[in-house]
Amino acid sequence: MRNKIEIVKYIFLFSLFTFHFTSAQSLETLIDEALKNSPEVQKFELQYSIVAEKVNEVNTIPNTEFGVGYFISEPETRTGAQRFKVSAKQMMPWFGSITARENYVSALADAKYEEIAIAKRRLIAAVSQSYYNLYANKAKQKVLVQNSKLLKTYETMALTSVEVGKASAVDVLRLQMRQNELEQLKAVLVQQFLAEQTTLNKLLNRTKDSVVDVIDELTIPAETTWMDTNSLSLHPELIKYDKLYQSVEQSELLNQKERLPMMGFGMDYVHVDKRPNLEFADNGKDIVMPMVSLSIPIFNKKYKSQTKQNEFQQQEIMAQKQLRINKLETVLDKAIKDRTASRISHETQTKNLIQAKHAEEILIKSYETGTIDFNDVLDIQELQLKFQMGQIEVLKNYYVQQSIINYITY
């Protein structure tokens with residue numbers, strides 16, 4: 001199981017990252033820490049251990065019965081009066097019944113084992129998505145700082161223009177108000193970063209204030225990552241239903257065994273007192289009586305009902321599996337299309353950003369001729385910020401969708 005999770009983890013990481021290896025190691029380390037420390041994963045591992053331990057619980061035979069009786073009114077026999085009776089009895093299940101119980105519990109343990117793989121996949125996806133949220137937040141803060149510096153430059157230009165009568169104080173004030181807005185946006189992003197950092201830290205089961213150092217740059221790969229959509233049938237969420245179906249099959253086999261007779265073996269011992277003043281053979285001889293018993297479930301409606309219940313349960317499991325297949329296929333198809341849409345949007349945002357940069361250069365040249373319009377400056381700055389923010393958002397969304405695809409297909 002560990003090897004399988006390691007393979008999934010490394011394929012997952014390789015398919016997500018297109019930045020420097022040292023940066024990729026950062027997220028890999030976080031994922032390893034999450035897998036090691038996650039209470040949710042530990043919960044499923046303990047649940048599996050409990051079910052697996054039940055194999056030892058069911059590998060038993062019924063309790064041995066012991067009985068002791070004392071005759072208050074001693075029955076007289078030819079060989080003497082009976083004083084007390086000791087008996088022992090052991091019932092034995094039909095051949096193969098204990099093995100059937102073990103197989104049933106083992107099948108339940110196998111189904112529970114798949115929940116560990118599911119929990120680990122979900123954790124890897126959750127850690128990755130939180131990491132990308134932090135990246136996007138940090139990148140947006142960086143963009144706001146850059147734009148704030150740009151506005152500061154424009155403010156200096158505006159003050160110079162005011163001095164020579166080519167701009168008004170209103171232009172300066174508008175630029176300053178815009179800077180205030182950017183500072184406000186950055187302050188909000190800082191709080192959102194701390195909140196998301198808490199989310200990631202709790203996924204790693206560590207203190208909420210632990211510093212998370214995310215990468216500085218992330219790019220969309222030139223080619224789409226290869227994926228095998230046919231591997232959906234191997235997804236642990238679906239394998240779990242197969243294991244549950246098998247557990248019901250084992251339950252029915254156990255039901256068939258339990259409806260068979262049980263055999264019992266035992267022995268009665270009766271202590272007999274000697275008859276006084278008499279001498280004859282077997283005087284006071286104790287009684288030893290071996291016994292064999294048979295327990296037959298004549299009224300077997302219980303077992304017939306259990307068979308019907310097992311049939312219905314198997315049908316329910318297959319319906320649940322098909323429902324989950326439909327859900328996973330829907331989520332996968334949406335993630336693939338959203339990833340493609342993110343690539344398209346990123347290309348458009350990049351083109352728009354280049355054009356906004358060209359417009360900015362034209363404005364700077366206009367300033368040299370003394371014809372700059374600071375209303376145009378603010379408009380271009382707002383457009384540039386919009387495109388930069390949009391570019392970061394679609395970049396993040398691309399990798400979030402990729403993490404969803406990897407959760408389903410790897």
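Things worth noting here:
- Given (1) hydroxyl-bearing (Ser, Thr, Tyr); (2) free of Cβ contacts under 8 Å to residues at least 24 places away in the same chain; (3) surrounded by 12 or more Cβ atoms within 10 Å (Cβ to Cβ), index of the condition residue 247 fails: (2)
- Among residues of the range 271-310, those that are free of Cβ contacts under 8 Å to residues at least 24 places away in the same chain and within 37 Å of the chain's Cα centre (by Cα), counted: 3
- Residue match in the range 91-100 (condition: touching a residue at least 12 places away in the same chain (Cβ under 8 Å), out of contact with any helix residue (DSSP H, G or I) (no Cβ under 9 Å at 6 or more places or on another chain) and surrounded by 13 or more Cβ atoms within 10 Å (Cβ to Cβ)): yes
- Total residues in the range 82-123, condition assigned to a strand (DSSP E or B) and not β-branched (Val, Ile, Thr): 10
- Taking the criterion of being β-branched (Val, Ile, Thr) and closer than 30 Å to residue 262 by Cα, the residues of the range 295-339 that qualify are 296, 298, 307.
- The range 322-379, residues that are in a helix (DSSP H, G or I), within 25 Å of residue 177 (Cβ to Cβ), without any contact (Cβ under 8 Å) to a residue 60 or more places away in the chain and of a type in the set (Ser, Thr, Tyr): 366
- So residue 396, is it within 18 Å of residue 217 (Cβ to Cβ), in contact (Cβ under 8 Å) with a residue 12 or more places away in the chain and either small (Gly, Ala, Ser) or in a helix (DSSP H, G or I) (or both): yes
- Meets criteria (within 30 Å of residue 216 (Cα to Cα) and either at pLDDT 90 or above or in contact with a Ser or Thr (Cβ under 6 Å, 6 or more places away or on another chain) (or both)) for residue 18: yes
- Unique match (being surrounded by 14 or more Cβ atoms within 10 Å (Cβ to Cβ), among the charged types (D, E, K, R) and under 31 Å from the mean Cα position of the chain (by Cα)) among 327, 337, 386, 396: 396
- Top-ranked residue in the range 101-125 [being in contact (Cβ under 8 Å) with a residue 60 or more places away in the chain and over 26 Å from the mean Cα position of the chain (by Cα); ranked as surrounded by the fewest Cβ atoms within 10 Å (Cβ to Cβ)]: 103
So that you can scan it fast, the table gives a plain yes or no per residue for (1) assigned to a helix (DSSP H, G or I); (2) touching a strand residue (DSSP E or B) at 6+ places or on another chain (Cβ under 6 Å); (3) surrounded by fewer than 18 Cβ atoms within 10 Å (Cβ to Cβ):
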position	(1), (2), (3)
135	yes, no, no
143	yes, no, no
147	yes, no, no
156	yes, no, yes
165	no, no, yes
173	yes, no, yes
177	yes, no, yes
201	yes, no, no
215	no, no, no
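- Residue check, residue 194 crowded, with 18+ Cβ neighbours inside 10 Å and either within 18 Å of residue 364 (Cβ to Cβ) or modelled with pLDDT of 95 or more (or both): no
The values are calculated or read from the model by the stated rules, or taken from the named source; none is laboratory data. Bear in mind the structure is a predicted one, so any value in this text is a computation, not a measurement. In this analysis, Cβ positions are derived from the backbone assuming ideal geometry, glycine residues included, and neighbour counts consider all displayed protein chains.
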